[in-house]
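Visitor: Have a look at the structure that comes next, please.
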Amino acid sequence: MSDFPHVLPTYNRAPLAFERGEGSWAIAADGTRYLDLGAGIAVNALGHANLELVAALTEQAGRIWHVSNLYQIPQQEKLANLLVDNTFADTVFVTNSGTEAAELAIKMARKYWDHAGDPDRYEILTFEGAFHGRSTGAIAASGSEKMVKGFGPLMPGFVHLPFGDVEAMRAAISDRTAAVMIEPIQGEGGIRVLPDADLRLIRQLCDETGALLILDEVQSGMGRTGRLFAHEHAGITPDIMMVAKGIGGGFPLGAVLATEKAASGMTAGSHGSTYGGNPLACAVGARVMEIIATPAFLAEVSRKAGLFRQKLEGLVAAHPQVFESVRGQGLMLGLKCKVAPADVVKAGYAEHILTVPAADNTLRLLPPLNISDEEITEAVIRLDRAAKRVEEA
C-alpha cells in the first residue's frame with residue numbers, strides 16, 4: 001500500500017483536532033478548550049452547536065434530506081424569500097459553496113450580455129489580492145501566481161487591476177466589459193477594506209457603462225460587518241452578489257443573489273446543481289437568516305465590534321514589535337503584523353486561542369457574531385500572552 005496520505009495533502013494542517021464545540025469554544029478530545037476567533041473561517045456565524053440551528057437541522061433530518069431540483073423545495077423557497085425580502089435581489093440560486101457561487105456569477109454576467117445580443121462583451125474586471133474560490137474560473141479571476149501556477153491554460157476574459165484603483169478601472173472599462181467583480185473587504189487578501197467612496201464610484205462607473213457589478217460577499221456578508229452585507233455601508237447595491245460561509249452557520253451552503261435584469265439570461269437548463277438548495281441546508285440557512293437579519297442582532301454585532309477593536313488597539317500599542325495596526329470592519333478584523341502571522345497563530349495554539357492567517361502579513365480575527373463581551377476580553381488576554389511568546393522566541 002502507498003504511503004501517500006489518504007487525505008490529499010493540500011493543507012498544512014495544525015496538529016489539532018476538535019471533538020465538539022460550544023458557542024465560541026472548540027473542544028479537543030482531551031477536554032482542552034480553545035477560544036475560536038476563526039469560526040471555521042467566518043463560517044460558524046452563530047458559534048458551535050448553536051441550539052436553534054441544531055433544532056432546525058434535526059427536525060428537517062427527520063423529515064426528508066434530498067429530492068434534487070427536479071422538484072419544488074419549500075425550504076429553498078423559504079430561504080430565497082428571506083434573502084429577497086432583506087436585500088436588493090429579485091431572485092436567488094442556492095449553491096453548496098462560495099466557489100460554486102463564483103462560477104455562477106461569472107456565467108450569469110456573460111450570459112446576460114449574450115442574451116442581450118452582445119456576446120463579445122465578456123470581459124470581467126477583477127482586482128489584485130482577490131480570492132473568489134479555487135475552481136478554474138475563480139482562480140483565473142484572481143490571477144495571482146500563487147493561485148494559478150501549474151493550472152494553465154486559464155479561462156480567458158479577466159482583466160486584473162491594482163486593488164482599489166478606481167482610476168485604473170476607469171481606464172480599463174470598455175465596450176467589452178461585461179462586469180466588475182470585487183470584494184468590499186478582501187478576506188484572504190488581508191482584511192483590506194475598500195473605502196465606501198470607492199465602492200460608490202465603482203457603482204457609478206458601472207452605471208455609466210452598463211457593466212454589471214458583482215460583489216463577492218462570501219466572507220464579508222451575513223452580518224459580519226454589523227450590516228447584513230458590507231456594501232450596505234456604502235449605500236449602494238450590486239447587480240449580482242455571491243454569498244456563502246456564514247449563511248449556513250456551519251452547514252455547507254452558498255447562494256447567488258441577482259436582480260431580475262442581471263438574471264435575465266439564465267433560462268431553464270442554463271445552470272443546475274444536484275445538491276444545491278437541498279432541504280437540510282436550506283432549513284438551517286433560513287434559521288440563520290431569521291436570527292441574523294434583525295436590527296437588534298446587527299446592532300449587537302456593531303457594539304461588540306467597537307469593544308473588540310478598542311481592546312485590539314491597546315494590544316497593538318502594547319506590542320509594537322509584533323503588531324503594526326488594526327484593520328477591518330465589524331467582526332471582520334485583522335491585525336497587521338511585523339512578524340510572520342503564522343508565528344502568532346502558532347503561539348496562539350499554546351494559549352488555546354484560534355486565529356487565521358491571511359495575505360499582506362495579516363492575522364484574521366473572525367469570531368462568532370454572538371461572541372460575548374467576556375469572551376472578547378478573554379480573547380485579547382490570550383492574544384497578549386501569544387504576542388509575549390513571539391517576542392520571547
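The values are calculated or read from the model by the stated rules, or taken from the named source; none is laboratory data. Keep in mind that what you see is a predicted model, and the values were worked out from it rather than measured. Cβ placement follows ideal geometry from the backbone for every residue including glycine, while neighbour counts extend to all protein chains displayed.
Visitor: How do the pairs read when you match residues in region 284-309 that are farther than 23 Å from Leu79 by Cα with residues anywhere that are assigned to a helix (DSSP H, G or I), using Cβ under 6 Å and keeping only pairs 6 or more apart or on different chains?
Guide: Hits for this filter: Leu307/Ile376; Phe308/Ile376.
Visitor: Tell me, please, whether a residue that is more than 25 Å from Gly157 (Cβ to Cβ), assigned to a loop (DSSP other than H, G, I, E, B) and touching a Gly at 6+ places or on another chain (Cβ under 9 Å) can be found in region 173-185.
Guide: no
Visitor: Does region 151-159 contain at least one residue that is assigned to a strand (DSSP E or B), more than 27 Å from Val326 (Cβ to Cβ) and not β-branched (Val, Ile, Thr)?
Guide: yes
Visitor: Taking region 235-250, which residues are more than 30 Å from Arg20 (Cβ to Cβ) and surrounded by 24 or more Cβ atoms within 10 Å (Cβ to Cβ)?
Guide: If the condition is that a residue be more than 30 Å from Arg20 (Cβ to Cβ) and surrounded by 24 or more Cβ atoms within 10 Å (Cβ to Cβ), then Pro238, Asp239, Ile240, Met241, Met242 are the ones that fit.
Visitor: Let me ask something else. Select from region 357-386 the residues that are out of contact with any strand residue (DSSP E or B) (no Cβ under 8 Å at 6 or more places or on another chain) and either outside any loop (DSSP other than H, G, I, E, B) or modelled with pLDDT under 95 (or both) and list them in ascending order.
Guide: If the condition is that a residue be out of contact with any strand residue (DSSP E or B) (no Cβ under 8 Å at 6 or more places or on another chain) and either outside any loop (DSSP other than H, G, I, E, B) or modelled with pLDDT under 95 (or both), then Asp373, Glu374, Ile376, Thr377, Val380, Ile381, Asp384, Arg385 are the ones that fit.
Visitor: In region 53-71, what residues are part of a helix (DSSP H, G or I) and not aliphatic (A, V, I, L, M)?
Guide: Thr58, Glu59, Gln60
Visitor: If you check Arg227, Arg176, which single one turns out to be free of Cβ contacts under 8 Å to residues at least 60 places away in the same chain, surrounded by fewer than 24 Cβ atoms within 10 Å (Cβ to Cβ) and basic (Lys, Arg)?
Guide: Matching residue, one of Arg227, Arg176: Arg176.
Visitor: If you don't mind, another one. Looking at region 85-100, can you tell me whether even one residue there is within 18 Å of Met181 (Cα to Cα), surrounded by 23 or more Cβ atoms within 10 Å (Cβ to Cβ), charged (D, E, K, R) and in the same structural domain as Leu161 (by TED's automatic domain parsing)?
Guide: Yes: region 85-100 contains one or more residues that are within 18 Å of Met181 (Cα to Cα), surrounded by 23 or more Cβ atoms within 10 Å (Cβ to Cβ), charged (D, E, K, R) and in the same structural domain as Leu161 (by TED's automatic domain parsing).
Visitor: Out of the residues in region 187-218 that are free of Cβ contacts under 8 Å to residues at least 60 places away in the same chain and either part of a strand (DSSP E or B) or not assigned by TED's automatic domain parsing to the domain that holds Leu125 (or both), which is surrounded by the most Cβ atoms within 10 Å (Cβ to Cβ)?
Guide: Taking the candidates together, the pick is Leu215.
Visitor: Here is a follow-up. Here is a check on your reading of the model: is Gly164 in a loop (DSSP other than H, G, I, E, B), farther than 22 Å from Val326 by Cβ and at pLDDT below 95?
Guide: no
Visitor: Every residue in region 317-326 that is buried (at least 19 other Cβ atoms within 10 Å of the Cβ) and either outside any strand (DSSP E or B) or out of contact with any helix residue (DSSP H, G or I) (no Cβ under 9 Å at 6 or more places or on another chain) (or both), please.
Guide: Within region 317-326, His319, Val322 qualify.
Visitor: Go through region 43-74 and report how many residues are among the small types (Gly, Ala, Ser) and either touching a strand residue (DSSP E or B) at 6+ places or on another chain (Cβ under 7 Å) or farther than 18 Å from Pro252 by Cα (or both).
Guide: Summing the residues that are among the small types (Gly, Ala, Ser) and either touching a strand residue (DSSP E or B) at 6+ places or on another chain (Cβ under 7 Å) or farther than 18 Å from Pro252 by Cα (or both) in region 43-74 gives 4.
Visitor: Still on this structure, please answer the following. Under 22 Å from Asp196 (Cα atoms) and polar (S, T, N, Q), is that true of Ser302?
Guide: In short, yes.
Visitor: So, in region 1-41, of the ones that are in a loop (DSSP other than H, G, I, E, B) and among the aromatic types (Phe, Trp, Tyr), which residue ends up farthest from Ala350 (Cα to Cα)?
Guide: The qualifying residue farthest from Ala350 (Cα to Cα) is Phe4.
Visitor: Suppose we keep only residues that are over 19 Å from Thr32 (Cβ atoms) and in contact with a Lys or Arg (Cβ under 9 Å, 6 or more places away or on another chain) within region 372-389. Which one would you say is surrounded by the most Cβ atoms within 10 Å (Cβ to Cβ)?
Guide: Per the criteria, the residue is Ile376.
Visitor: Okay, moving on. Where the second residue is among the aromatic types (Phe, Trp, Tyr) and surrounded by 15 or more Cβ atoms within 10 Å (Cβ to Cβ) and the first is closer than 15 Å to Asp90 by Cβ and lies in region 259-275, which pairs have Cβ atoms under 7 Å and are six or more apart or on separate chains?
Guide: Thr259/Phe88; Ala262/Tyr112; Ser264/Tyr112; Gly265/Tyr112
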